[in-house]
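The values are calculated or read from the model by the stated rules, or taken from the named source; none is laboratory data. Nothing here was measured: the structure is a model prediction, and the numbers come from that model. With ideal geometry, Cβ positions are generated from the backbone for all residues, glycine too; neighbour counts draw on all protein chains shown. The protein model used for the area step is the full one, side chains on, heavy atoms only, and it has no ligands, DNA or RNA in it. Shrake-Rupley method; radii C 1.70, N 1.55, O 1.52, S 1.80 Å.
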Amino acid sequence: MRFHCLQHMPDEGPGHIADWLAAHAHSLTFTRLFEPSPVFPELGEFDGLLILGGAMSVHDEEGCTWLVPEKAFINEVLRAGKITLAICLGAQLVALALGAEVRPNHEPEIGFWTVRFSGKSLEHPLLRGWPEKAAVLDWHRDTFTVPPGAMRVGMSAGCATQGFVWGDGIIGLQFHPEFTVEMVEKLMHFENHETAEEQEFVQTAEQIRSKVKSVWKGRKLLESLLANMVALHEGELLV
C-alpha cells in the first residue's frame, strides 16, 4: 500500500508508523510543510494519507500560509474517499474539513493519560483489536467537536473527544500513538517543558519520563490500526 504523509514539523515525524510500514513493505512519501514550497501529490499517486501533528493551530493561516493549500488538499482527499489517519493537529484539520468546530480545550492536556474507548467505536472495523482503554501521550491545547456523521472514538479525563471515525476508512486521533521515546524527549525540549509546573492535566518532565515507556501502548494500537487500514484497502476487511 502506498502511504503519503503530511508532516508539519521537523521533529514530529511518523515514528512508529514509519517503522511498521517499512517492516511490512509499504511505501511512504512525504510533503514536508515546514520546507519551502511544499508540493502535494496527485490523488492517484497514493492509497492512504497520514496527517501528523504540530504546534500551530488550524486557524493560524496568516502565520502558516501553507495551511490554505493543505486544507484544500485534505478536502480533495476526503471527497475522493481515501483511507486517512490523522493525528493531533491532523485530526483537527480533518475534523474542521468535515464540519466540526476546533477550539481551545478547557485545559491543556500534556503527558500520559488514560483514554477510554467506547464500546460502539471498538466495533468499527478500523479499531478491531483495540483494548477498552490505554495510557497514551497527549500534547495539545486545542480540541474539536465530533464531526457531523462521525463517531467518537474515546475520551479522557482532560478531553471529551480523543478521536473520531468517519465512514469506513477515515480516523482522527487527538493523542499521539506514533511517538517514540526519542520523539517525546525532543518535544519536551522544543516546548521548554523542563521547568513546566504540574497542573490538573499537565505532567512535569519528570512525570512524563517516569511514564515514557508507555509509548509501546500507542505502538500496539497503531499496529492493529494500520493492519486494519491495509486490509480495508485490499478488500480483506469486512465493513
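Spin-label model, LEU122 to ALA80: label points 7 Å out along the Cα-to-beta-carbon direction sit 3.5 nm apart.
Rounded to two decimals, what is the ratio between the C-alpha radius of gyration of the range 47-88 and 2.2 N^0.38 Å? Mind dumping the intermediate values first?
Details: Rg = 11.0 Å, N = 42, 2.2 N^0.38 = 9.1 Å.
Ratio of Rg to 2.2 N^0.38 Å for the range 47-88: 1.21.
For the range 70-120, compute Rh as the Kirkwood radius over C-alpha pairs and then the Stokes-Einstein diffusion coefficient at 10 °C and 1.306 mPa s; write the answer in µm²/s, rounded to an integer. Estimated via Stokes-Einstein, D reaches 122 µm²/s.
Give a quick list of GluC sites (Glu not before Pro) in the range 26-118 that DSSP marks as loop, anything other than H, G, I, E or B, with at most 14 other Cβ atoms within 10 Å.
GLU42, GLU61, GLU62, GLU101
What is the range 80-167 by shape, rounded, prolate or oblate, if you read a ≥ b ≥ c off the alpha carbon gyration tensor as root eigenvalues and call it rounded for a/c under 1.5, prolate for a/b larger than b/c, and oblate otherwise?
Oblate, because a/c is 1.5 or more while a/b does not exceed b/c.
What a 1.4 Å probe finds exposed on the chain is 51% carbon and sulfur by accessible area, rounded to a whole percent.
With all protein chains kept in place, the per residue accessible area of the range 102-235 amounts to 46 square angstrom at a probe of 1.4 angstrom. Direction-averaged projected area, Cα convex hull, the range 149-221: 5.8 nm², rounded to one decimal. Taking the DSSP bridge list for the range 35-152 and keeping only pairs wholly inside it, about 75 percent are antiparallel. The length gained by stretching the chain between SER27 and HIS106 to full extension, at 0.36 nm per residue less their Cα-Cα distance, is 24.6 nm.
Looking at the chain alone, DSSP beta bridges between its own residues are antiparallel in about 50 percent of cases.
If you average 1/r over every pair of different alpha-carbon atoms in the range 117-239 and take one over that average, what Kirkwood value in Å do you get?
Across the range 117-239, the inverse of the average 1/r is 15.6 Å.
Normalised by the number of residues in the range 79-146, what is the relative contact order in percent for Cα pairs under 8 Å and 6+ residues apart? Dividing the mean separation by the residue count of the range 79-146 yields 41 percent. Once you reduce the range 134-162 and the range 115-132 to the center of their Cα atoms, the two points are 14 Å from each other.
Which of the residue pairs LYS71/LYS220; LYS71/LYS186; LYS186/LYS220; LYS133/LYS220 have a Cα-Cα distance greater than 19 Å in the structure shown? The pairs that break the limit, which is 19 Å between Cα atoms, are LYS71/LYS220; LYS71/LYS186; LYS186/LYS220.
Can you compute the label reach from GLU197? Point 7 Å from Cα along the Cβ direction, backbone N cut-off under 20 Å, restricted to the range 96-139. 106-111, by backbone N distance to the label point. Size check on the range 137-180: the Cα extents along the three principal axes, sorted descending, read 28, 21, 15 Å. With the convex hull drawn over the C-alpha atoms of the chain, the volume per residue is 116 Å³.
Which of rounded, prolate or oblate describes the range 18-145 when judged by the alpha-carbon gyration tensor and an a/c cut-off of 1.5? Taking the square roots of the gyration eigenvalues as a ≥ b ≥ c, the range 18-145 is oblate. Straightening the chain between SER210 and HIS189 buys 5.9 nm, computed as 0.36 nm per residue apart minus the Cα-Cα spacing. GNM, the chain, Cα, under 10 Å: largest mean-square fluctuation among SER156, SER121, SER210? Looking only at SER156, SER121, SER210, the largest GNM fluctuation is found for SER210.
Within the shell defined by Cβ-Cβ distances under 14 Å, the residues around ALA135 carry a net charge of +4, with Lys and Arg each +1 and Asp and Glu each -1. Available extension along the chain between ALA231 and ASP168 is 21.5 nm, counting 0.36 nm per residue and deducting the alpha carbon span. Residues considered: CYS159, CYS88, CYS64. Largest GNM mean-square fluctuation over the chain, using C-alpha springs under 10 Å, is found at CYS64.
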